[in-house]
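Heads up, the thing below is written out as structure tokens.
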Amino acid sequence: MATIDMNRVKELDDKCLKIRKDLLNFIYRIGMGHLGGELSIVEMAVALYYEYMNWDPKDVKNPDRDRFLLSKGHCSETLYTIFQDMGNYTMDYMVEHFETLDTAKFGMHSNRKYVPEIEISAGSLGHGLPIAVGYALGARYQKKNYRVIVMVGDGEFQEGTNWEALMAGGHYQLNNLVCILDKNKVQMTGHTRDVMNIDPVKDKVEAFGWNVIEVEDGNDVKQCLEALNKIPERDYAKRSKPTFIINNTVKGKGVDFMEDNYKWHGGGIAKEQLDEALADVEKNRMVR
Amino acid sequence: MAVQTTYDFDMMLSSAREAYGEELLAMAQEGEEFVFCYSDNVAESTKAGQMIKQFPDRCFNFGIAEPDEVGASAGLALSGLTVFSQVFGPFLPLRAADQIHTDIAYNDVKVRLIGTHSGVTAAGGPTHNDIADLALYRAIPNLTVCVPADAGQCKKIIRASMDYEGPMIIRIDRAGSPNVYADDNYEYEIGKAIETIAGDDVTIISTGSNIYECMMASKKLAEEGISAGVIDMHTIKPLDTDAIIKYANKTGNVVTVEDHSINGGLGGAVAETLCEAGFGGKFKRIGMPDVFSVLGSPDDIYHFYGMDRDGIYKTIKEML
């Protein structure tokens, strides 16, 4: 297992703060988004794109790249924000091409044809995990050692297709497959436990033949990296349990008036709210 | 050059369902690169079953979980593979509609979804009837929909699909349908209708194994001096609207025949085309009426709803 470099962790803490601020400004400018979930996934997305994954923003179709599939496609603005931070787009370009009809490049829900960094066009829930199962089977069949990493939401996890795919992932022993559950505990109209409880999700997923890693604080980039470092070695020839990471996060993380509040599942943000939110994320940033 | 049909032959039964497996097996043996996904209904005794046995590394069973199979098929295609994915009739469009729409068509992947047991051919009652699929597929962008007329044409479609970009649906009936074409010596092109019988008085436009019954109805009408042309509309999407308009205007009378609801399928597509083209002749749709089917064998159901040769004959006689 790779040791965690604390200097690198601190750099990534800074990166998470920058992504949060850029994201808030982006959502303010385009007038729509899903800030609750987009803020909850920041640390894991940063850990993946800036540290863990074999993924080069200048070579996004490299056949050997790791694949990150965002199943909760309504949170794609976090990914766009990361791509602009990596230099692939400017914020102005993204705003100028956001849902502008036939000149649009970016949308509320991700489209892989418009944004080449995006692996799957998604939006309808419960699609990412079945696609990831097929992707991982395809990688194995073609003797490729890249990883297939899919992120699903905990509200989304109510969709039955996830459970069909969990069954298939366990059945085919896809050790190259990783599913990350962004467990922010809130969905559009309330707490997931009240709308339709998915717990005990660890026991359920283990029963489907997966190795489960639980991250106590999924909004700590260090803990995200520690979990990713526990994924088995890359070996397409080996068959063993796929990996499931329960990433315990906070919906609306970093913004006091958004945290754990289902009313911030979707929508835009006003100027005075933006100023308050930007001050909050600075105040609430990770300090080590 | 006119195609050679089985119009003048004794009935020659074959199975398009067996043919798709036979062609996939042949292609695998020839070294063509593709994978095959299936659900829990490919018998070991079939040609597809033999392929699974001979090429186990490239065949993936998804059990009774159609949405997962279709989604995973998209994932396999995204990894760079050409994917054939077989699902039992109604459970493809009805269970996996969202996956067909989003994972296959919207994601634009090279998956060929093979729906077997189309229309009422599965028998077993309305739960096993596949009579709404064409209506769904017609409304989904970026989807090519092919319906082979017989086993030989099914092989041509499977073969042609290897070099065809974009997502496809191949709609196959259960088994044991008469051949429409006497041999393979005809040009097949996805999206180009075939005039199997030329006619002057009425144009029958049909698809799949119903074409044979149309030819037999044409034969019966010919005995009474009525010249009924039969058009094989093997591709429902993209629709060969030029052929529809051309052959409709030639006779001034059009009948559509399909093993599908009369709502939204081939009949609907032809009606829309002709109406917009200003066609002023007579028009009639034959297919499943807007009811859940009576219970019985496929042949008996065809007869009950006037979809067999007698029913087609009768409808045309009343129309002219």
Cleavage-rule hits, chymotrypsin sites (Phe, Trp or Tyr not before Pro), segment A:252-288, DSSP coil, Cβ neighbours within 10 Å at most 13: A:Phe257
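For the pair A:Tyr114 and B:Gln4, what calculated FRET efficiency results from E = 1/(1 + (r/R0)^6), where r is the Cβ-Cβ distance and R0 = 41 Å, to the nearest 0.05? Spell out each step's value before the answer.
Details: r = 48 Å, r/R0 = 1.17.
With a Förster radius of 41 Å, E is 0.30.
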For chain A, evaluate the Debye formula with one uniform point scatterer on each Cα (no solvent term) and list log10 I(q)/I(0) at q = 0.10, 0.13, 0.16 Å⁻¹, rounded to two decimals. -0.48, -0.85, -1.33
Between segment B:254-320 and segment A:209-236, how far is it from one alpha carbon centroid to the other, in angstrom? 58
Can you compute the radius of gyration and Dmax for the protein assembly as shown, using only the Cα atoms, both in Å? 27.5, 94
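So if R0 is 35 Å, what FRET efficiency would B:Leu13 and B:Ala135 give, r being the distance between their Cβ atoms, rounded to the nearest 0.05? Kindly include the intermediate steps, with their values, before the conclusion.
On the way: r = 29 Å, r/R0 = 0.84.
Approximately 0.75, to the nearest 0.05.
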Residues B:Ile205, B:Ile301, sorted so that the one with the fewest Cβ neighbours within 10 Å comes first: B:Ile301, B:Ile205
Taking 8 Å as the Cα distance limit and 6 or more residues as the minimum spacing, I'd like the relative contact order of segment B:172-320 as a percentage. 24
Order of A:Val95, B:Val255 under a 10 Å beta carbon neighbour criterion, fewest first: A:Val95, B:Val255
Qualifying trypsin sites (Lys or Arg not before Pro) for segment A:12-66 [loop in DSSP, other Cβ within 10 Å: at most 15]: A:Lys58, A:Lys61
Please find the FRET efficiency linking A:Arg29 to A:Thr189, where r is the Cβ-Cβ separation and R0 is fixed at 30 Å, and quote it to the nearest 0.05. 0.65
Taking Cα atoms only, helix A:160-171 is inclined relative to the longest principal axis of chain A by an angle, in degrees rounded to 10, of 40
Each label sits 7 Å from Cα toward the beta-carbon; between B:Asp242 and B:Glu33 the label points are separated, in nm, by 3.5
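Take the cross-link list A:Lys144/A:Lys230; A:Lys58/A:Lys143; A:Lys61/A:Lys251; B:Lys192/B:Lys250; A:Lys113/A:Lys144; A:Lys15/A:Lys263 and give me the ones stretching past 29 Å between alpha-carbons.
On the way: A:Lys144/A:Lys230 20 Å; A:Lys58/A:Lys143 24 Å; A:Lys61/A:Lys251 32 Å; B:Lys192/B:Lys250 18 Å; A:Lys113/A:Lys144 23 Å; A:Lys15/A:Lys263 27 Å.
From A:Lys144/A:Lys230; A:Lys58/A:Lys143; A:Lys61/A:Lys251; B:Lys192/B:Lys250; A:Lys113/A:Lys144; A:Lys15/A:Lys263, over 29 Å: A:Lys61/A:Lys251.
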Of the options B:Tyr181, A:His74, A:Asn88, report the single residue whose Cα projects farthest towards the positive end of the charge dipole of the protein assembly as shown (beta-carbon charges: Lys, Arg +1; Asp, Glu -1). A:Asn88
Loop sites only, by DSSP: take the GluC sites (Glu not before Pro) in chain A that have at most 14 other C-beta atoms within 10 Å and name the longest stretch containing none of them. A:100-215
Inter-site label distance for A:Glu214 and B:Ala26 at 7 Å from Cα along Cβ, in nm: 5.7
Return the distance in nm (one decimal) between the two label points of a simple spin-label model at A:Asp260 and A:Met196, each offset 7 Å from Cα along Cα→Cβ. 2.5
Quick check: the distance between the Cα centres of segment A:253-280 and segment B:131-195, to the nearest angstrom? 53
Percent RCO, i.e. relative contact order, over chain A, from Cα pairs under 8 Å lying at least 6 residues apart: 25
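Values quoted throughout were computed directly from the atomic coordinates according to the rules given, and no laboratory measurement underlies them. Given the structure is predicted, the values throughout are model-derived calculations rather than measurements. As a convention, Cβ positions derive from the backbone with ideal geometry for all residues, glycine included, and neighbour counts pool all protein chains shown.
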